[in-house]
Amino acid sequence: MAVLTRVRLGQLLDYAAPPGGVQTGDYVVVPLGRRHEIGVVWADAVGDIDENRIKPIASRIAVPPMRPDLMMFLERAAEYTLTPLTAMFGRTTRLPAMNERPRSEERYHLTCTPPDRVTQARDRVMTTLSAAQDGSMTAREILLAAKVSASVLRGLEKTGVVERSTVVLPMLADDYDLGRAGIRLTEEQQRAAGNLCAGVQSRSFGVTLLKGVAGSGKTEAYLEAVRETLQLGRQVLVLLPEIALTSQFVDRVTHRFGRAPRLWHSAVSTPLKRDVWHMVAEGSAPLVVGARSSLFLPFRDLGLIVIDEEHDDSYKQDEGTIYHARDMAIYRASISNSLVILTSATPSLETWVNARSGKYREEVLTSRFGSAGMPDMDTIDMRGEELPSSTWISEALASEIRNRLACREQSLLFLNRRGYAPVSVCRECGHQLGCPDCDARLVRHLLRDRLVCHQCGESMAPPAICPECEAEGSMTLLGPGVERLAEEARNTFPDATIEILSSDHIRSTEHLRESIRRIAAGTVDLIVGTQLVAKGHNFPRLTLVGVIDADIGLQGGDYRAAEKTFQLVRQVAGRAGRDELPGLVLLQTWRPEHPVIQAILDGDDETFWATEAREREIAGVPPYGQYVGITLSGRDVDAVHDYATSLVMHSEPVRSVGALLYGPAPAAIFRVRGMARYRLLVHGERSLRIQRALRVWLSRHPPPSTIKVVVDVDPHRFL
Ligand code: ADP
Ligand code: ZN
Ligand code: ZN
């Protein structure tokens with residue numbers, strides 16, 4: 001049998017079937033060298049190897065076999081992302097000891113052996129056990145009910161009066177209450193929900209963009225589709241961009257269907273994950289909420305995948321196996337005949353184009369629920385503000401904050417920069433502190449009292465003297481991060497309760513959950529946050545959003561800069577005025593006339609997208625063209641450069657299919673963790689099936705062992 005393992009040795013390995021035989025899709029354990037590896041039977045034998053020489057499969061794992069749709073998904077995903085199939089398989093079984101038996105417990109029952117002597121305590125145990133429902137109880141239950149000590153039970157066991165056995169606990173299927181009445185939907189919401197349900201009922205593949213501003217009821221609408229899918233007995237996967245958002249969502253599901261969904265993300269404990277994996281495979285976990293890795297779970301019958309906030313960049317996994325969870329979800333759904341719902345207030349341009357062209361269906365919720373209108377938007381022209389040095393909150397913004405404080409409403413100051421100050425510079429010689437291993441500046445963090453490199457994570461104590469000119473006390477900090485902005489806010493509004501929401505300040509998901517609860521409950525007056533706040537939290541008393549630097553992101557040479565800025569600012573703006581109270585959004589900018597800023601102000605999304613789409617079409621960049629980024633890295637600069645050059649010289653396979661090749665160019669951040677990095681960029685038309693050509697090209701010219709090659713199909717970042 002050809003077995004796929006997680007070990008990258010060619011692809012499939014041949015083994016003889018064990019006694020009792022195996023079927024395609026069976027999970028097995030196979031000997032490999034001195035170790036044992038988990039594998040899955042992928043096909044009949046690979047080659048004509050001497051039957052007598054191949055080793056037998058060690059054992060079959062007692063779990064439901066991998067379904068053909070997951071097998072096909074792994075193959076296609078591997079092909080598309082140019083990832084070895086072995087690595088893709090690894091993503092489906094990254095669970096330590098997944099083959100261990102599921103939860104079990106030890107239970108005691110009476111035998112027919114009479115006790116050698118009867119004490120009152122022993123008698124109580126025997127009476128208790130003989131009255132037990134199915135004749136058996138756990139030690140804990142016995143000790144509690146019979147009020148005896150553990151030694152009594154041990155004595156009875158030793159003399160054979162009671163016997164102990166291990167019982168595998170049956171996994172009870174999660175039971176959702178689908179009969180509960182939901183919220184009364186508005187007409188618009190009802191239409192959207194109805195169409196989504198029809199999509200689910202058709203049991204065929206389709207993608208629907210569910211577009212609507214924050215608070216328009218997208219979640220309410222797709223929960224109806226969730227209900228419909230559960231009703232049909234099929235499974236649902238809901239992907240959220242941020243683990244921190246799960247708690248709010250879990251509460252809503254619990255409220256709507258009477259129990260919590262199963263969770264799958266990095267903060268879930270291993271034993272729990274093991275349960276979820278098994279239950280998903282058996283079909284007894286009909287609703288899973290997770291991070292992008294949950295796409296690789298062995299669903300028995302997946303009917304619906306929801307990608308909440310589909311434009312969110314965190315769906316792009318850019319380390320290890322590089323893939324975009326949204327795109328992969330659509331792949332998976334197309335194989336298992338499922339409906340995909342993409343939700344967003346500000347869809348990615350790719351999705352917008354697909355909706356426009358009719359490839360995706362579109363449902364639009366135009367109004368916010370209830371009385372909450374869209375917030376008013378305005379710019380504050382920073383060219384007219386004369387701010388004292390090292391302050392960033394304009395007077396216009398400060399006075400609006402004061403108004404909010406006076407009536408106990410909340411304000412949010414948004415700055416997408418972690419830490420205290422992005423630059424440490426010497427006043428004497430102008431030297432800027434940088435990471436010794438990367439071409440990146442060190443960011444001052446107060447919380448940890450360190451200088452931190454945001455590229456590699458290394459940190460160091462702030463130096464007392466300038467490392468360049470040795471001047472004492474000459475280092476000074478330039479620019480704001482959220483910590484510094486919070487400090488300014490504390491000085492300006494001494495009576496306000498201020499909370500920072502930034503990844504550095506969050507010790508755990510529990511901690512973040514607490515923060516969010518506190519803010520939602522209204523005990524915080526002023527939130528200072530990074531993009532962490534841009535994602536779907538619901539803060540009913542928040543009525544003012546101040547964007548400290550709306551121009552960040554507009555400078556980048558990235559073709560997606562305008563799109564990203566537009567989305568981020570619109571998302572943050574969506575935090576304001578979600579409930580009864582009207583909201584106001586103020587953008588501090590040095591370029592109020594910039595088309596992106598104007599588009600944000602006008603709230604005219606369609607014009608923004610249409611303009612942006614036209615520009616990309618002319619330039620032939622995604623979604624109209626296709627990019628593949630290749631990063632080559634190694635310690636020896638010359639060796640990396642030489643290899644890059646030789647790759648280009650031998651690039652006939654990609655050129656012959658009509659793709660263009662750019663580079664080698666030093667990466668924008670040339671050194672990371674001491675590794676020199678060069679980049680090649682392959683650019684082709686969308687219709688090109690570029691992957692095969694790339695595979696031929698790269699396999700003909702494998703890198704020396706000192707050089708690492710990372711291929712990123714549809715790259716989002718060009719660093
Ligand atoms: P979105 O997902 O678009 O941000 P939600 O579905 O979270 O919107 O809705 C925002 C808030 O409005 C939620 O608290 C939700 O319960 C409430 N809501 C939405 N639609 C209705 C409705 N028809 N009736 C009552 N409350 C609603
Ligand atoms: Zn100096
Ligand atoms: Zn670094």
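Structure summary
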quantity	calculated
Exclusive hit being open to solvent by 80 Å² or more (accessible area, probe 1.4 Å), among the aliphatic types (A, V, I, L, M) and over 30 Å from GLY215 (Cα atoms), set LEU144, LEU156	LEU144
Residue satisfying condition, being away from ligand 3 (no atom under 16 Å from the Cβ) and either part of a helix (DSSP H, G or I) or over 30 Å from the mean Cα position of the chain (by Cα) (or both), within set GLU499, GLU488	GLU488
Residue identified as modelled with pLDDT of 90 or more, crowded, with 16+ Cβ neighbours inside 10 Å and touching a strand residue (DSSP E or B) at 6+ places or on another chain (Cβ under 6 Å) among LEU74, LEU82	LEU82
Any hit, the stretch 104-126, residues being closer than 30 Å to SER338 by Cα and touching a strand residue (DSSP E or B) at 6+ places or on another chain (Cβ under 6 Å)	no
Qualifying positions in the stretch 213-231 - near ligand 1 (Cβ under 6 Å from one of its atoms) and of a type outside the set (D, E, K, R)	ALA214, GLY215, SER216, GLY217, THR219
Any hit, the stretch 139-161, residues being touching a residue at least 24 places away in the same chain (Cβ under 8 Å) and closer than 21 Å to GLN235 by Cβ	no
Selection from the stretch 1-36 of residues that are open to solvent by 20 Å² or more (accessible area, probe 1.4 Å), within 14 Å of ARG60 (Cβ to Cβ) and among the charged types (D, E, K, R)	none
Failed item, numbered, when GLU386 is tested on (1) away from ligand 1 (no atom under 16 Å from the Cβ); (2) farther than 21 Å from GLY206 by Cβ; (3) in contact (Cβ under 8 Å) with a residue 40 or more places away in the chain	(3)
Positions within the stretch 323-351 being farther than 18 Å from GLY290 by Cβ and open to solvent by 10 Å² or more (accessible area, probe 1.4 Å), in sequence order	SER334, ILE335, ASN337, ALA345, GLU350
The stretch 168-204, subset open to solvent by 60 Å² or more (accessible area, probe 1.4 Å) and not in a loop (DSSP other than H, G, I, E, B), residue farthest from PRO347 (Cα to Cα)	VAL168
Residue in the stretch 324-332 that is part of a loop (DSSP other than H, G, I, E, B) and more than 16 Å from ligand 3 (Cβ to nearest atom) present	no
The stretch 625-654: number of residues that are surrounded by fewer than 16 Cβ atoms within 10 Å (Cβ to Cβ) and either in a loop (DSSP other than H, G, I, E, B) or of a type in the set (D, E, K, R) (or both)	6
Leading residue by the ranking (nearest to ligand 2 (Cβ to nearest atom)) among those in the stretch 471-485 that are closer than 20 Å to ASP439 by Cα and in a loop (DSSP other than H, G, I, E, B)	GLY479
Residue list for the stretch 419-470, restricted to those being within 16 Å of ligand 2 (Cβ to nearest atom), assigned to a strand (DSSP E or B), closer than 26 Å to ARG635 by Cβ and open to solvent by less than 20 Å² (accessible area, probe 1.4 Å)	LEU442, LEU451
Filter result (part of a helix (DSSP H, G or I) and buried (at least 16 other Cβ atoms within 10 Å of the Cβ)) within the stretch 127-141	THR128, LEU129, ALA139
Single unsatisfied condition, GLY603 versus (1) modelled with pLDDT of 90 or more; (2) surrounded by fewer than 18 Cβ atoms within 10 Å (Cβ to Cβ); (3) not basic (Lys, Arg)	(1)
Residue, surrounded by the fewest Cβ atoms within 10 Å (Cβ to Cβ), within the stretch 107-126, restricted to residues that are farther than 29 Å from VAL168 by Cα and charged (D, E, K, R)	ARG117
Filter result for VAL682 (surrounded by 21 or more Cβ atoms within 10 Å (Cβ to Cβ) and more than 26 Å from LEU442 (Cα to Cα))	yes
Subset of the stretch 531-548 [at pLDDT below 85 and part of a loop (DSSP other than H, G, I, E, B)]	LYS535, GLY536, HIS537, ASN538, PHE539, PRO540
Positions within the stretch 697-714 being in contact (Cβ under 8 Å) with a residue 24 or more places away in the chain, part of a helix (DSSP H, G or I) and not charged (D, E, K, R), in sequence order	TRP697, LEU698
Residue in the stretch 541-554 that is closer than 19 Å to GLU400 by Cα and among the basic types (Lys, Arg) present	yes
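The values are calculated or read from the model by the stated rules, or taken from the named source; none is laboratory data. Given the structure is predicted, the values throughout are model-derived calculations rather than measurements. Counting neighbours? That spans all protein chains shown, and the Cβs are built from the backbone with ideal geometry, glycine included. Heavy atoms of the whole protein, side chains included, go into the accessibility calculation; ligands, DNA and RNA do not. Shrake-Rupley method; radii C 1.70, N 1.55, O 1.52, S 1.80 Å.
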